[in-house]
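Q: Below is a structure I'd like to ask you about.
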């Protein structure tokens, strides 16, 4: 059973823009972003083109958390460095990748690692 989510026109546009921004900044295919959001690639396309909107609060949270990860990651790393952080196994993640953690919904662990890198870089 899904709770109905009320969207303002601006909120709906922001979600679509955020999805496009996430894909662009991480050079992700719709398939890979779909894995991260636990939806099909077709759903990612529909959301990005603003033809449909996410129907669950969990999807809204996931999109917002991904946007937060990308924004903080871009403050810490170059675009190439951020991709390496996301897709290369990291000791801080017990040999897993940030992509794997994001795909199971462990956004806070990824954000914590980025925040530690941000503080350690002297920001």
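Every number here is computed from the coordinates shown, using simple stated rules; none is lab data. Quick caveat: nothing in here was measured; it's all calculated off a predicted structure. Cβ placement follows ideal geometry from the backbone for every residue including glycine, while neighbour counts extend to all protein chains displayed.
Q: In the range 94-123, which residues have a backbone nitrogen under 19 Å from the label point lying 7 Å from residue 68's Cα in the Cα-to-Cβ direction?
A: Residues passing the 19 Å test: 98-120.
Q: Now for a different question. Quick check: pseudo-label points 7 Å beyond the Cα along Cα→Cβ at residue 45 and residue 94, how many nm apart are they?
A: The answer from the label model is 3.7 nm.
Q: So how tilted is helix 107-120 from the main axis of the chain? Cα-based, degrees 0 to 90, rounded to 10.
A: The two axes meet at around 40 degrees.
Q: Can you tell me the orientation of helix 9-26 relative to the chain, as the angle in degrees between its alpha-carbon axis and the longest Cα principal axis, to the nearest 10?
A: Around 40 degrees separate the two axes.
Q: Moving to a separate point now. With the chain treated as a Gaussian network of Cα nodes joined by springs under 10 Å, which of 95, 20, 73 yields the largest mean-square fluctuation?
A: Looking only at 95, 20, 73, the biggest GNM fluctuation is shown by 95.
Q: Hey, with R₀ at 25 Å, roughly what FRET efficiency would residue 31 and residue 52 work out to, going by the Cβ-Cβ distance, to 0.05?
A: The pair residue 31/residue 52 has a calculated efficiency of 0.90.
Q: So, one more: Calculated from DSSP H runs of 4 or more alone, at -39500 (n - 2.57) each and per residue, what is the 222 nm mean residue ellipticity of the chain, nearest 500?
A: -21000 deg cm²/dmol
Q: Can you divide the C-alpha Rg of the chain by 2.2 N^0.38 Å and report the result to two decimal places?
A: Against the compact-globule rule of thumb, the ratio is 1.07.
Q: Sticking with this structure for a sec: How far apart, in nanometres, would the label points at residue 80 and residue 108 be if each is projected 7 angstrom from Cα along the Cα-to-Cβ direction?
A: For residue 80 paired with residue 108, the spin-label model returns 3.5 nm.
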